[in-house]
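**Q** I have a structure here, written as structure tokens, and I will follow up with some questions on it.
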């Protein structure tokens with residue numbers, strides 16, 4: 001195995017996924033493509049018709065999340081490449097995995113149950129149905 005994709009958003013599930021990779025895979029010779037996706041602006045936000053006054057730099061927040069996890073991976077001996085992209089997280093992870101010819105996608109499980117899971121869906125659920133690569137979904141402890 002030469003390359004894997006790890007999705008992170010700073011959540012406890014994502015942090016569990018990072019920890020699981022560090023525990024079970026050898027860092028030597030393996031490149032981790034660390035991915036954080038952030039949502040695009042809504043149509044109303046793009047044309048300025050929203051009550052939101054202070055724009056949040058979501059790209060900057062995503063970059064901060066990646067920097068923390070990058071440090072954990074490099075300390076464990078992994079080579080790391082960071083990818084911050086706008087868009088649906090599942091689609092972004094699939095795109096990066098394809099571009100980098102990664103053999104595995106690793107994500108954390110959010111833990112939604114019942115109606116909330118049905119209405120919101122999940123990145124892990126979308127990946128389970130659509131990922132063209134092997135997928136590891138890690139539950140938080």
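**Q** Report the gain in length on full extension from residue 79 to residue 101: 0.36 nm times residue separation, minus Cα-Cα distance, nm rounded to one decimal.
**A** 6.4 nm
**Q** For the residue pair residue 128 and residue 24, what label-to-label distance in nm results when each label sits 7 Å from Cα along the Cα-to-beta-carbon direction?
**A** 1.6
Every number in this text was worked out from the coordinates using simple rules, so none of it is lab data. None of these values were measured; they are calculated from a predicted model. Please note: Cβ atoms are built from the backbone with ideal geometry, for glycine as well, and neighbour counts cover all protein chains shown.
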